[in-house]
Amino acid sequence: MSSFNTVTEFIEYVSARLSGDSNLNVFSITGELSGVTVYRSGHCYFTLKDDASCVSCVMFRSYLSQMDFVPRDGMKVVLSGGVNLYGPTGKFQINVRGMRFAGKGDLKEQYLKLFMKLQEEGLFNVEHKRKVPTLPRRIGVVTSPSGAVINDIIRTLKRRNPYFDLLIYPAAVQGEACPNEIAAGIKYLDSREDIDVIIVARGGGSYEDLFGFNSEVIARSCFEATTPVISAIGHETDTTILDYVADLRAATPTAAAELVMPQYDVLMNYLSNTSIRLDMEISSLIKNRRNYLDSLKNHKALLSPMFYLGESQNNLNTLVNQMIKSADSLIVSNQRELDKLSILLNQSVTDQIRTNQGRLEVCINMLDTMSPLNVLKRGYSFITDNKEKVLTSVDGINVNDKVKIQMSDGSIVANVEEIVSSKE
């Protein structure tokens, strides 16, 4: 049996044995990254795992700076390097000198693929968010019944308001059963008419532990629910698909309990102040109405109807006088307008008569100029037969016919003795 005097001696021995194994000095290994942390020194620490085991790894700055991508949780990679036993802590780890992608089946890619799909369908849109009630009658919680989470929620609710009603739906919060059980819990609580709000809660954990809440079945059950859903998964820095679909996201389960239940003292103070303001408003209203009734009761019209009639007669006389004054004013105004219109009308008629008289004189002169009497005065005459028909040709008269010759100052009756035609 080997014997070591100190821990350091033991660590140095094991380290030497590991260094002497050529299979452990240069090798490659495939796994999934988890807990990736890059410190200010530039060194990167993380865990490489598979379905059953995990191992600590470190990648120093000189090697990390040569990579063409940044390591992230959930990436499936192939590492190259060697083993090392870190003396100060006795921690077994892989010193990574190279890293490349192993494929596209990692958790991060699954998350991003589902995130883009649901975002394009509008499941994250603000217009679909339901308002959380101010004072719920009964709160539904989907979580593990045995964990510290439900105790934190109950303790917080009791501290804020001891008068609450809680219904717990037990469900797995990690592992393969988690998505279906959480979705079933949301659907069940949503189907009940006595549940006003639903909290889906889980404590903190690794990215892998919380990955069940990045499930499509949970996201769709939350989106389809008519009851408001509050997401309270992990710590403040943890974000899942459910957080984007839920109507409200709480940083922690304790914060969810604070958001869903107002403080009893604050609520009672608000109710008390509201009651005081309501009493003051009602008292003021009653006082104003009483004063108005007193003024009506003491009115002179109730003491003496004749006073009311006298006041009514005075008001009527005042109204009649106002109407008479208004009518007089209107008559005077209209008389003035009529006088103005009369003057304008007379002037217009006079001007029209003068204009027409001038035109008439011109027409008379023209008629006088064209008058047959004036023509006769110049020595002309016209002849008619015995039937008073004007003769314009010798063809219409015979010898011995009587004709009448019309002159300017009279007429002559004569017998035709001879007819001489200008044609002959």
Exercise. Could you quote the convex hull projected area for the chain, Cα atoms only and averaged over all directions, in nm²?
Key: 73.4 nm²
Quiz item: In percent, what relative contact order does the chain have, based on Cα pairs under 8 Å that are 6 or more apart in sequence?
Solution: 9 percent
Quiz prompt | Taking only Cα atoms of segment 1-142, radius of gyration then Dmax in Å | solution = 22.4, 73
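About the Cα centre of the chain, how large is the charge dipole given +1 on each Lys and Arg Cβ and -1 on each Asp and Glu Cβ? Please answer in debye to the nearest 20.
Dipole magnitude for the chain comes out near 1140 debye.
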Quiz item: Which of I282, S348, M407 sits closest to the plus end of the dipole of the chain, meaning its Cα is farthest towards the positive end, when Lys and Arg get +1 and Asp and Glu get -1 on the C-beta?
Solution: I282
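How much of the accessible area of segment 1-104, in percent, comes from carbon and sulfur atoms when a 1.4 Å probe is used?
On the way: 3390 of 6690 Å².
Carbon with sulfur: 51 percent of the solvent-accessible area.
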Practice problem: Beyond 21 Å between alpha-carbons counts as too far, so tell me which of K131/K187; K49/K108; K129/K158 fall in that bin. | Solution: K129/K158
Quiz item: Taking the C-alpha atoms of segment 216-362, how large are the radius of gyration and the largest Cα-Cα span, Dmax, in Å?
Solution: 42.9, 119
Quiz item: Which whole-number value in Å² is the accessible area per residue of segment 49-114, probe 1.4 Å?
Solution: 59 Å²
Quiz item: So what's the back-of-envelope 222 nm ellipticity for the chain, counting only DSSP H runs of four-plus at -39500 (n - 2.57) apiece and dividing by all residues, rounded to 500?
Solution: -15000 deg cm²/dmol
Exercise. Order these peptides, 385-394, 262-271, 55-64, by their mean beta-carbon neighbour count within 10 angstrom, highest first.
Key: 55-64, 262-271, 385-394
Quiz item: For segment 209-301, what mean projected area does the convex hull of the alpha carbons give, in nm²?
Solution: 10.5 nm²
Quiz prompt | Bins of 10 Å from zero: percent of alpha-carbon pairs in segment 184-252 | solution = 23, 55, 21, 2
Exercise. Largest first and to the nearest Å, give the Cα extent of segment 218-267 along each principal axis.
Key: 38, 27, 10
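The values are calculated or read from the model by the stated rules, or taken from the named source; none is laboratory data. Worth saying up front: this structure is predicted, and the values here are computed from it rather than measured. All Cβ positions, glycine included, derive from the backbone under ideal geometry; neighbour counts span all protein chains shown. Calculation scope for accessible area: heavy atoms of the full protein, side chains included, ligands and nucleic acids excluded. Shrake-Rupley method; radii C 1.70, N 1.55, O 1.52, S 1.80 Å.
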